[in-house]
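Colleague: I have a structure here, written as C-alpha cells, and I will follow up with some questions on it.
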Amino acid sequence: METITQPTRPVPLVPGLPGLGNTLSFLRDPLAILRDIQRMNERVVHLRVGGRHQYLVLMPEDSKHILQENNRNYGRSPAFRVLQIFLGNGLLTSEGDFWRRQRRLAQPAFHRQKLAALANTMISESAAWVDELWQQNSSQRELVQHKRAQPVNMSQAFMDVTMRIVCKTLFGSDVSTNLAKLSSALESLNYLANARMLSPVRFPIHWPTPDNVRFRRAGVVVDTFIYGVIEQRKQQTGATHDDLLDMLRLAEDEETGETMSEKQLRDECVTLFAAGHETTAVSMAWTVHLLLQNPDVLARLRQEVQTVLGDEKMPAPEVFRQLTYTMQVIQESMRLYPPAWIMSRMALGDDHIGPYVIPKGDTALVSPYLLHRDPANWPDPDRFDPDRFAPGREKERPAYAYLPFGGGPRLCIGNQFALMEMQILLALLVRQFDLRAVSDKPVPTQPLITLRPKKPIRAYLR
Ligand code: HEM
C-alpha cells in the first residue's frame, strides 16, 4: 500500500533586527533597542548578544507560555551561572527537583500570615528611618530659609533602609554597624556580575584578575556577615525568633522531614538578602522620581496617607492596607520601571511560538519593560497614571501584560513582602515630608541586572 507522507511545512525564520541586532548596539542602549523591536510589530525577534542566539517574545500570551504553561521546557539561562558564583545554589539560581524542594521549604515563610507578623518590624524600621531623615533635615531648616539646603540622595537612603528591613525581618539582625561595608560589597558584586554577564570573554573565577579579586573580596564580606548571623542563632538554643531565618532553619520538608544544610541555609540567606533589598530600593527610587515629576499625583497620595494614617506614630499593619492609591502609585511605578526589566530562560527542547521555533539550547527572553509599555495594552504607555491600577481595571488587559514579579512557578517569592514594604515606606515618607524636585529633567535609565536610575535620585525634603 502506498504511504502518503505529509509535506513538511517550512519553519519560517524568526525575524531579526536589521543592522542593529548585534551585541554592541544592544549593550550600548538595550532599552532603545527593545523599543525599536517593539515598533517592528513582530511576535518573536531574534537577537545575537554575547555570542548567543536569543529569542525575544513580544506578546503577553507567549510570555505566559514560556514562564508558565511550558515552563518545564525551560531552565535557567547561562546568565544565572554568573549569579551562581556568588549566590550558590539558592532559590534564584537552582533548578529542577532540587529547586522544587527548596521552594516548598521556603514558601511557608512568605505566607500571608507570616508576613503579617513581619509588618510590625517593617513599620518600626521605616518609622526610625523617617525620623533619622527628619533629624538630618532639621539641621537644614535654616539653610532652606537662606536657599542653601542640600537635597537628599534618595537612591542611597532607600538602599540603606531596605537593607536594614531585610536584615531585621530575615535575620532579626541589626546591620547599622556593618551597613556601609555590606552596602558597598553588594554594590561591587552587582556591577561585577553584570560586567561578567555581558563580557564575551570570561576568565575562570579563581584566576587572579583584578575583577575576580574584587568579586571574591566582596563575597567574603557578605559571607562573613551571613555565617556570623547563622552561628549566633545556633548559639541561642531555646530562644524563638519570629523571623525568616528561623522559619527557614526550622522548616522541614513535608515528604522527608529534612531541614536545610548549613551551606544551603547560607545560599538561601544570601539570595534573599541580595534579591530582597536592591530591587525594592531601586523601585522606591523610581517611585520618588515619578512623584517629583508629577506633583498632582504626589498631592493626591499625601492626601490619602494623611486621611488614613492621621498622626498615629506607629499605625497598625491593617491600617496600611487601606492605602489603595498608594499601592496604585507603586504598581504604576513598577510598570514604567520594572526592576527586573528582562528575564531569560534556556530552552531544554525545541519550542513553538506560533509559526516559529525557539531551538533547544538557545535563550528565550521575556521583557517586562517592553510588555509594560506595549501601546496595545497600555494606552499612552509612557505616561505615569496610577489610575490604570484602580480597582477592577486589571480586567482591561491580558494577564501577562503586567509582570514586575515574573510569572509561573518561579514567580518572585518575595512579591507580597516587597509590596507591603514599599507601601509602608512610601506612606511614612510622604506623611512626614513634602518632596520637591531638584531638577525637572527625567533621569536616564541604566539597565544592569536591575533597571537602575543612571544618576542618584535626589530630592528636597520639606
Ligand atoms: C520590587 C521588588 C522586587 C522585584 C521587582 C522582584 C522581581 C523578581 C522577579 C521578576 C523574579 C523572577 C525572576 C525570573 O523568573 O527569572 C524574582 C525572583 C525571586 N525574588 Fe524577587 N523581586 C522583588 C523583591 C523581592 C524580595 C523582597 C525578596 C525576598 C525577601 C525576593 C526574593 C526573590 C527570590 C528568592 C526569587 C527566586 C524565586 C524562585 O525562582 O523560586 N524578591 N523576583
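Colleague: Of (1) out of contact with any Pro (no Cβ under 8 Å at 6 or more places or on another chain); (2) within 20 Å of Val166 (Cα to Cα); (3) within 16 Å of the ligand (Cβ to nearest atom); (4) open to solvent by 30 Å² or more (accessible area, probe 1.4 Å), Leu250 satisfies all except one. Which?
Modeller: If we test Leu250 against (1) out of contact with any Pro (no Cβ under 8 Å at 6 or more places or on another chain); (2) within 20 Å of Val166 (Cα to Cα); (3) within 16 Å of the ligand (Cβ to nearest atom); (4) open to solvent by 30 Å² or more (accessible area, probe 1.4 Å), just (3) comes out false.
Colleague: Could you name every one of the helices (runs of 4 or more DSSP H) located completely within segment 133-225 that has at least 3 residues being within 30 Å of Gln416 (Cβ to Cβ) and modelled with pLDDT under 85? Please lay out each step first, then the result.
Modeller: Working: elements: 141-145, 154-171, 179-198.
Passing ranges, in order: 179-198.
Colleague: Please tell me if Phe203 is out of contact with any Asp or Glu (no Cβ under 6 Å at 6 or more places or on another chain) and more than 16 Å from the ligand (Cβ to nearest atom).
Modeller: Yes: the conditions hold for Phe203.
Colleague: Does Arg100 meet the test of being closer than 28 Å to Glu421 by Cα and either modelled with pLDDT of 95 or more or not aromatic (Phe, Trp, Tyr) (or both)? Spell out how you get there, then give the answer.
Modeller: On the way: closer than 28 Å to Glu421 by Cα: yes; either modelled with pLDDT of 95 or more or not aromatic (Phe, Trp, Tyr) (or both): yes.
Here the answer is yes, as Arg100 does meet what is asked.
Colleague: I would also like to ask the following. Name every residue in segment 69-94 that is within 11 Å of the ligand (Cβ to nearest atom) and of a type in the set (D, E, K, R), in order of residue number.
Modeller: Of everything in segment 69-94, just one residue is within 11 Å of the ligand (Cβ to nearest atom) and of a type in the set (D, E, K, R), namely Arg76.
Colleague: Continuing with the same structure: From Asp351, Asp382, grab the single residue that is open to solvent by less than 30 Å² (accessible area, probe 1.4 Å) and among the acidic types (Asp, Glu). Talk me through it step by step, then tell me what you get.
Modeller: Values: Asp382 fails: open to solvent by less than 30 Å² (accessible area, probe 1.4 Å).
Sole residue among the options that is open to solvent by less than 30 Å² (accessible area, probe 1.4 Å) and among the acidic types (Asp, Glu): Asp351.
Colleague: Then there is this: Working carefully through the options Thr280, Thr271, find the one that is within 12 Å of the ligand (Cβ to nearest atom), at pLDDT 85 or above, of a type outside the set (Lys, Arg) and in contact with a Ser or Thr (Cβ under 7 Å, 6 or more places away or on another chain). Lay out the reasoning, then the answer.
Modeller: On the way: Thr271 fails: in contact with a Ser or Thr (Cβ under 7 Å, 6 or more places away or on another chain).
Answer to the check: Thr280.
Colleague: Now, a different point. Restricting attention to helices (runs of 4 or more DSSP H) lying wholly within segment 13-82, give those where 3 or more residues are open to solvent by 20 Å² or more (accessible area, probe 1.4 Å). Outline the logic, then answer.
Modeller: Values: elements: 23-28, 30-39, 60-64.
It comes to 23-28, 30-39.
Colleague: Give the residues of segment 444-455 that are more than 16 Å from the ligand (Cβ to nearest atom) and closer than 27 Å to Gln135 by Cβ, sorted by residue number.
Modeller: Answer for segment 444-455, where residues must be more than 16 Å from the ligand (Cβ to nearest atom) and closer than 27 Å to Gln135 by Cβ: just Lys455.
Colleague: If Thr450 satisfies every condition in (1) more than 30 Å from Gly96 (Cβ to Cβ); (2) of a type in the set (Val, Ile, Thr); (3) out of contact with any strand residue (DSSP E or B) (no Cβ under 6 Å at 6 or more places or on another chain) but one, which is the exception?
Modeller: (1)
Results for (1) closer than 30 Å to Gly90 by Cα; (2) open to solvent by less than 10 Å² (accessible area, probe 1.4 Å); (3) more than 16 Å from the ligand (Cβ to nearest atom); (4) under 18 Å from the mean Cα position of the chain (by Cα), shown as yes or no for each residue.
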site: Trp286; (1), (2), (3), (4): yes, yes, no, yes
site: Leu292; (1), (2), (3), (4): no, no, yes, no
site: Glu318; (1), (2), (3), (4): no, no, yes, no
site: Met346; (1), (2), (3), (4): yes, no, no, no
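Colleague: Right, next: What are the residues in segment 202-223 that are β-branched (Val, Ile, Thr) and either touching a residue at least 12 places away in the same chain (Cβ under 8 Å) or closer than 17 Å to Lys168 by Cα (or both), if any?
Modeller: From segment 202-223, those β-branched (Val, Ile, Thr) are 205, 209, 213, 220-222; that's our starting set.
Passing the criteria: Ile205, Val221, Val222.
Colleague: Going through segment 104-124 one residue at a time, which ones are within 12 Å of the ligand (Cβ to nearest atom) and either at pLDDT 90 or above or touching a strand residue (DSSP E or B) at 6+ places or on another chain (Cβ under 7 Å) (or both)?
Modeller: Result: Met122, single match.
Colleague: Within segment 406-431, count every residue that is in a helix (DSSP H, G or I), near the ligand (Cβ under 8 Å from one of its atoms) and in contact (Cβ under 8 Å) with a residue 12 or more places away in the chain.
Modeller: First pass over segment 406-431, keeping only residues in a helix (DSSP H, G or I): 408-410, 415-431.
Among the residues that remain, those that are also near the ligand (Cβ under 8 Å from one of its atoms) are: 408-410, 415, 417-419, 421-422.
This time we only want the ones that are in contact (Cβ under 8 Å) with a residue 12 or more places away in the chain, so: 408-410, 417-419, 421-422.
The qualifying residues number 8.
The values are calculated or read from the model by the stated rules, or taken from the named source; none is laboratory data. Worth saying up front: this structure is predicted, and the values here are computed from it rather than measured. Note that each Cβ is placed from the backbone with ideal geometry, even for glycine, and that neighbours are counted across all protein chains shown. Just so you know, the surface numbers come from the protein's heavy atoms only, side chains and all, with ligands and any DNA or RNA stripped out. Shrake-Rupley method; radii C 1.70, N 1.55, O 1.52, S 1.80 Å.
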